[in-house]
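I have placed the structure first, in the form of structure tokens, so that the comments after it can refer back to it.
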Amino acid sequence: MMQTLTPFNWVLVNACLQFAGWGVFSILLAEVLRDSYHVLCHQVKWLAKWHNKHHAVYRRDLSIISLQAYQESQLYHDIFESSLLVVVLAVIALLVNQIGLWLGVAYGCSFLFGASVRYSQGKIDTDYNHLPGPLQIIPSVWWVNRTYHWRHHFDDVNAYYSGVFPLVDKILGTALSLKGKTVALTGASGALGQALAAELLKHNAKVVALTTNPEKLAPHTNLKVLSWQLGNEAELKQSLEKVDILIINHGVNVYNSRTPQAISSSYEVNTFSALRLMDIFLTTVTGPQAKATKEIWVNTSEAEVSPALSPLYELSKRTLGNIVTLKRLDGDCVIRKLILGPFKSQLNPYGVMSAQQVARGILFWARRDYRNIVVTINPLTYVLFPLKEATTWLYYRIFSK
């Protein structure tokens, strides 16, 4: 016979779950408090005075300018920050009177211990996000690695504030800075292209409008119009070398046609041209910091998982989406997918969203470092696409090299 749990066992299980719940909360709270203090260090002058010692100690390869300067930065920034964090967490644990909260205090003490060792002994091997050397991998999504944190020092000091988990950056929209970035955009003369260019300019980006219809674009100080032709993507390589973010947004919709010409046109524009541009751009991801700053955004559309009432549009976009998933496995640079629902444009005059709404949605989620950006009114896409992407990624991960 199966032995039933006694009341004591249930109490024990409940106590363990309660401790674990408060413990996880306390660690997240510690990270939010620590990163919020970091934000204040960039906004409050008297805090910035001490915090700047931390920034001043590193070269672009994260090597330190001198051991003495490094130890001073540990004293005036890391030790002070960790001590303040431990005190605040201890006060909260005492006031709330939940034993699980002391896990957060212990978590804070680990930062204080590491900073104290670095200050007293000058050891940098525990300063994981500041270890010197070239950047080997792309910025991580759910935790802060060296590449992610490098951007805080040398890309935009008023972004990328998070230290371990990028929760605060995702809340504030500082997980990707567009300030000063050079962004190349195909399909720039279309409805979404023009809306995206306008939104990017609002975020102080420099836009290179790649278009086959340059006469449709109005002049702007930070907008450079570059004409190109389908099939001549290789001619753009020199221009793309100076680009930080490439947004592949051009496309064609043949609607209900299924002629050989329609098939060829759909795949050539929607799939093969986009892939050629990706491959050319990936050859420009060179140098010690390129993995931190170079990105590709690909408009694969909602047609990856939903009908678009245009079979060839769906087929060509799904092919593009699958190959993008495959290319992501190489980790050459950040590659984002734009999964967009129907918006009003020349390709879709019956769209229910406006191009401006979609452009704002894309940048809202991109600035929070979402790699799959879904902007649609169809609730099923928010369920179906993650499932499709996760299973496809896993299949490609197992069966391709």
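Worth a mention:
- Just one residue in the set A292, A303 is crowded, with 22+ Cβ neighbours inside 10 Å and more than 20 Å from the chain's Cα centre (by Cα); that residue is A303.
- The set of residues in segment 276-289 that are touching a residue at least 40 places away in the same chain (Cβ under 8 Å) and either hydroxyl-bearing (S, T, Y) or open to solvent by 10 Å² or more (accessible area, probe 1.4 Å) (or both) comprises R276, I280, L282, T283, T284, V285, P288, Q289.
- Spans of helices (runs of 4 or more DSSP H) in segment 164-275 with at least 1 residues closer than 30 Å to L28 by Cβ and open to solvent by 10 Å² or more (accessible area, probe 1.4 Å): 167-172
- Test result for K202, out of contact with any strand residue (DSSP E or B) (no Cβ under 6 Å at 6 or more places or on another chain) and of a type outside the set (F, W, Y): yes
- Residues of segment 307-331 that are farther than 17 Å from Y395 by Cβ, in contact (Cβ under 8 Å) with a residue 60 or more places away in the chain and open to solvent by 10 Å² or more (accessible area, probe 1.4 Å): Y313, G331.
- Condition broken by W393, with the remaining ones in (1) in contact (Cβ under 8 Å) with a residue 12 or more places away in the chain; (2) surrounded by 15 or more Cβ atoms within 10 Å (Cβ to Cβ) satisfied: (2)
For every residue, the table says whether it meets (1) surrounded by 16 or more Cβ atoms within 10 Å (Cβ to Cβ); (2) part of a helix (DSSP H, G or I).
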{"position": "L33", "(1), (2)": "yes, yes"}
{"position": "R60", "(1), (2)": "no, no"}
{"position": "F80", "(1), (2)": "yes, yes"}
{"position": "Y107", "(1), (2)": "yes, yes"}
{"position": "S110", "(1), (2)": "no, yes"}
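- Segment 62-73 - residue that is free of Cβ contacts under 8 Å to residues at least 40 places away in the same chain and among the polar types (S, T, N, Q) and, of those, least open to solvent (accessible area, probe 1.4 Å): S73
- All of (1) outside any helix (DSSP H, G or I); (2) modelled with pLDDT of 95 or more hold for T286 with one exception: (2).
- First in segment 1-25 and β-branched (V, I, T), second anywhere and at pLDDT below 55, Cβ under 9 Å, 6 or more apart: V13/L5
- Search result, residues across segment 343-386 that are more than 20 Å from the chain's Cα centre (by Cα) and more than 26 Å from L200 (Cα to Cα): P379, L380, V383, L384
- Checked against the criterion of being in contact (Cβ under 8 Å) with a residue 60 or more places away in the chain, surrounded by 15 or more Cβ atoms within 10 Å (Cβ to Cβ) and either of a type in the set (S, T, N, Q) or assigned to a helix (DSSP H, G or I) (or both), the candidates L84, L101 yield just one match: L101.
- R151 passes every criterion in (1) without any contact (Cβ under 8 Å) to a residue 60 or more places away in the chain; (2) open to solvent by less than 40 Å² (accessible area, probe 1.4 Å); (3) of a type in the set (D, E, K, R) apart from (1).
- Failed condition for L131, given (1) open to solvent by 40 Å² or more (accessible area, probe 1.4 Å); (2) within 20 Å of V285 (Cα to Cα); (3) modelled with pLDDT under 95; (4) in contact with a Leu (Cβ under 8 Å, 6 or more places away or on another chain): (2)
- The lone criterion from (1) modelled with pLDDT of 95 or more; (2) in a loop (DSSP other than H, G, I, E, B) left unmet by H152 is number (2).
- Taken residue by residue, segment 359-375 has no member that is hydroxyl-bearing (S, T, Y) and surrounded by fewer than 16 Cβ atoms within 10 Å (Cβ to Cβ).
- Matching option when the condition is touching a Lys or Arg at 6+ places or on another chain (Cβ under 6 Å), within 22 Å of V117 (Cβ to Cβ) and either open to solvent by 70 Å² or more (accessible area, probe 1.4 Å) or of a type outside the set (D, E) (or both), among Y76, Y37: Y76
- Inter-residue pairs, beta-carbon under 7 Å, first among the hydrophobic types (A, V, I, L, M, F, W, C) and in segment 39-60, second open to solvent by 80 Å² or more (accessible area, probe 1.4 Å) and outside any helix (DSSP H, G or I), 6+ apart: V57/I65
- Filter result (among the aromatic types (F, W, Y) and over 14 Å from I339 (Cβ atoms)) within segment 365-396: W393, Y395, Y396
The values are calculated or read from the model by the stated rules, or taken from the named source; none is laboratory data. Since this is a predicted model, take the numbers as computed values, not measurements. Quick reminder, even Gly has a Cβ in these numbers, built from the backbone with ideal geometry, and neighbours come from all protein chains shown. To get the accessible areas, we keep the full protein, side chains included, count just its heavy atoms, and leave off ligands, DNA and RNA. Shrake-Rupley method; radii C 1.70, N 1.55, O 1.52, S 1.80 Å.
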